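Below you'll find the structure, written out as structure tokens, and then a few comments.
Read the figures in this text as sums done on the coordinates, not as results from a lab. Not measured: the values here are computed from a predicted model. All Cβ positions, glycine included, derive from the backbone under ideal geometry; neighbour counts span all protein chains shown.
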There are 2 protein chains.
Amino acid sequence: MKIEAEWMRGGTSKCWVFEGEHLDETNKDLDSLLPRLFGSPDHRQIDGVGGSTSTTSKAMILRRPADPNVDVEFTFAQVGIEEAAVDWGSNCGNCSAVVGLYAIEKGWVTPNGDNTRIVTRNTNTGQIIIQRVGTPAGALPIVPDAQMPGVVFPGYRVGLGFEDPAGKTTGKLLPTGEPADTISAGGTRWTVSMVDAGAPVVIVKAEELGLDTARFESWQAGVMLQLDTMDQIRRQSAVRMGLASTVQDAARAIPKLAIVGAPKAGDAGTGDTGDVNVMMLSMGKPHPALAITGSIALTLAASTPGTVLNSITGSEPRSTLRLRTPAGVIETWSEERDGSLLVGVDRTARTIATSTLHLPELLGSAVEPSFVSAPSDISPLNEE
Amino acid sequence: MKIEAEWMRGGTSKCWVFEGEHLDETNKDLDSLLPRLFGSPDHRQIDGVGGSTSTTSKAMILRRPADPNVDVEFTFAQVGIEEAAVDWGSNCGNCSAVVGLYAIEKGWVTPNGDNTRIVTRNTNTGQIIIQRVGTPAGALPIVPDAQMPGVVFPGYRVGLGFEDPAGKTTGKLLPTGEPADTISAGGTRWTVSMVDAGAPVVIVKAEELGLDTARFESWQAGVMLQLDTMDQIRRQSAVRMGLASTVQDAARAIPKLAIVGAPKAGDAGTGDTGDVNVMMLSMGKPHPALAITGSIALTLAASTPGTVLNSITGSEPRSTLRLRTPAGVIETWSEERDGSLLVGVDRTARTIATSTLHLPELLGSAVEPSFVSAPSDISPLNEE
């Protein structure tokens, strides 16, 4: 059995892009088919197209929907590596950036003007993402030349605009009804903002934690000493936002927690400055970067009067927001259009390979681990 | 620019297989072209087909030579990951296993009988490798079903026979002229065997080192205490074998050093037993596995009277040798045919994808690291 797929880079991810029709033709259950194509279960994915890391074990399934208002409907699949399983629970912002480019390259959408607009809908989350692909003079450049942080090679510029992202999880931008709330944790009362846009996020001010935000190293060291308190804040926020019924039940992944600080002169050294300094906690620990969904939440929080982030960025209208993280500055943009709010980021994307994947054997043929005599990842005959 | 390639698994490696003609047509220098296709320099290889590990950043270039005695000539390229460079200095035994299968799949060789014989020549080393691909009833099975340790999915059975592998580096199987020699190191005199077949290897008996080989854990712990002495033995061997003019000049990679011990009842616990227990040192440290070239050297050493390995395995003729390593048992085989000696191992291989790689921009377009604001591997917008 052979299956067509394009291998594309979207932002800082590599994604295998399938057309839904082609997968339908296989008559295979995707929860079995995708892991097999990717070489899972195997932490090296040595017999498949997976790249043995979470950012390179991703699939996108694209369809042209009946709905005339949507150009492309897409489903994101996080393909397990050590487990032959697929997680359909969320979207990937980086992989999203391949959809508009794919639609143009395959002729699903005709380039139009210097920027071609493609309306995409993510089925995992229901989120409409308006994509804008640079098509100067009505065509994709032969040689893509757009750059982005974190990727050394150029690609095509893709703007990802999340349409009306507020409240997708809880129904409201401010799930508690207030732009700021007080939470008691670790013997202190904290002023926090709970927002739901892109993803649910609770925002804490670095100042209240007594953190020195001049340098991310010292900031991070300070955060490490207060992780328990941060987790208490996060769990109480989960309950306040209606995401969990008790603090014990709060999920580890949501809400995310962001610590924000006012920028100071000299913060960045020789690097980029931002409108706000941000440190996210991911799975309980300081993370050097931001998920795209997290950047969307912070952007709406910044423009909402009364939030702890708005007290840093101010209320003057702004079309872009520069979020400075340990890994660099992320610029998000916002615009109103036809009564909708678009909040987004720019990425680059390109097609790496046009492929036909071979699925030579029946599914379920992985041998039992006991057959594989090599412990862990080592084959008895290794590389030269 | 678009370039055809097959993505194949050979043994425990993933290899991108190109036809030399297709690469010639690009008129590009392979030392620039291959790294760009693979996404190097970038330790994640996120914009190319590389897999960001040494076993998944490999290319094979195949040609049909004028020489009527050789079916396929192939060149192995180890493509740099963080460096935009190619190492042409050695062959890869695992990737070698794709060559015969490729030749059959592309119709270069017609399957013939239950095993199809393909004569291949590696240009990096000059080594002839006779490949035997299982073709029951004169055809590749539709569903490949051969298993090998270290790979959870089945593939096609490929036997790799190294033709007359002795002396490829130094000109002689026994570079010193003797099956065993004495070397003084660490205040002691050691009996060692220096052999050159597949790769130059110096062999030391675990017994002489006072090592308990009953369990690999304790064996390894014992070796760790004598690494300095091992390195002295290795360096003196380099000089004796003519690989270096002084012990200071000895390369870190050759000769390899193998410590061998006699198998004892109960060695393997519930696992596989072998004809000899082996621990290799790689880059100065105990390694759980064996390179294919190292297994070839040990196989010839075992069959050569007077070597320290022969004293364990004995001199009765044997067609297979089972080398037990911490990562499992490797079985090598030997046979005489038409006056040549073939020594080899069995692997499995399969084609993962038939691809057209896109090279959209001019070479040399990687941005300077200073442009990439993200430190190390983190993009400021990471994955969701």
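Counting only Cβ charges, +1 for Lys and Arg and -1 for Asp and Glu, the dipole size of region A:109-222 around its Cα centre is about 340 debye.
Among B:Asn91, B:Gly113, B:Ala353, which residue has its Cα positioned farthest towards the positive end of the charge dipole of chain B, with +1 placed on the Cβ of Lys and Arg, -1 on the Cβ of Asp and Glu, and the dipole taken about the Cα centre? After comparing all options, I get B:Gly113.
For the peptide A:289-295, the mean number of other protein chain Cβ atoms found within 10 angstrom of a residue's Cβ is 4. Checking the cross-link pairs A:Lys106/A:Lys285; A:Lys264/A:Lys285; A:Lys28/B:Lys28; B:Lys168/B:Lys205 against a 30 Å limit on the alpha carbon distance flags A:Lys106/A:Lys285; A:Lys28/B:Lys28 as lying beyond it.
How many nm is it between the label spots at A:Ser218 and A:Glu336, if each spot is 7 Å from the Cα in line with the beta carbon? With each label point 7 Å from Cα toward Cβ, the separation is 4.2 nm. Across region A:54-64, coupling constants 3J(HN,Hα) worked out from phi with the 6.51/-1.76/1.60 Karplus curve, θ = phi - 60°, read 5, 7, 10, 10, 10, 10, 10, 10, 10, 9, 9 Hz, and Gly and Pro carry x. A simple charge model with +1 on the Cβ of Lys and Arg, -1 on the Cβ of Asp and Glu and nothing else charged puts the dipole of the protein assembly as shown at about 620 debye relative to its Cα centre.
Taken over the C-alpha atoms, region A:32-79 has Rg and Dmax values of 13.6, 42 angstrom.
Sort A:157-168, A:111-122 by the packing proxy (mean of other Cβ within 10 Å over each peptide's residues), most packed first. Don't jump to the answer; show the numbers that get you there.
Values: A:157-168: 22.4, A:111-122: 17.8.
Result, highest mean Cβ count within 10 Å first: A:157-168, A:111-122.
Once the chain from A:Ala137 to A:Thr356 is taken as fully extended at 0.36 nm per residue, the excess over their C-alpha distance is 75.6 nm.
For region A:41-171, just say rounded, prolate or oblate: build the C-alpha gyration tensor, square-root its eigenvalues into a ≥ b ≥ c, call rounded for a/c under 1.5, and beyond that prolate if a/b exceeds b/c, oblate if not. Oblate, because a/c is 1.5 or more while a/b does not exceed b/c.
Diagonalising the gyration tensor over the Cα atoms of the protein assembly as shown and scaling each eigenvalue by 5 before taking the square root yields semi-axes of 53, 31, 23 Å, largest first. Overall, chain B carries a charge dipole of about 740 debye about its Cα centre when +1 sits on the Cβ of Lys and Arg and -1 on the Cβ of Asp and Glu, all other atoms neutral.
Plainly put, the tip 7 Å out from Cα toward Cβ on A:Asn27 is 5.0 nm from that tip on each other copy, the closest given first. Spacing of the modelled spin labels on B:Lys172 and B:Trp108, each 7 Å from Cα toward Cβ, amounts to 3.7 nm. Which stretch or stretches of region B:278-319 have amide N atoms under 17 Å from the point lying 7 Å from B:Ser54's Cα along the Cα→Cβ direction? Answer for this model: B:280-295. Sorting the segments A:68-80, B:37-49, B:299-311 by their mean number of nearby beta carbons within 10 angstrom, highest to lowest, gives B:37-49, B:299-311, A:68-80. Gyration tensor over the Cα atoms of chain B: the corresponding equivalent ellipsoid has semi-axes (square roots of 5 times the eigenvalues, largest first) of 36, 27, 20 Å. Stokes-Einstein, applied to the Kirkwood radius of region B:138-266 over Cα pairs at a viscosity of 1.306 mPa s and 10 °C, places its translational diffusion at 93 µm² s⁻¹.
Most simply put, region B:181-333 has about 80% antiparallel DSSP beta bridges, counting only bridges with both residues inside it.
Inter-label distance, B:Arg189 to A:Ser32: 6.7 nm, where each label sits 7 Å from its Cα along the C-beta direction.
Annotation: for a label point projected 7 angstrom from Cα along Cα→Cβ of B:Glu4, residues of region B:330-358 with backbone N closer than 12 Å are B:354-357.
Taking every DSSP beta bridge that has both residues in the protein assembly as shown, what percent is antiparallel when rounded to the nearest 5?
Numbers: 157 of 191 bridges.
If we restrict to bridges inside the protein assembly as shown, about 80 percent are antiparallel.
For region B:76-81, backbone phi angles converted through the Karplus equation (6.51, -1.76, 1.60; θ = phi - 60°) give residue-by-residue couplings of 9, 10, 8, 8, x, 10 Hz, Gly and Pro being listed as x.
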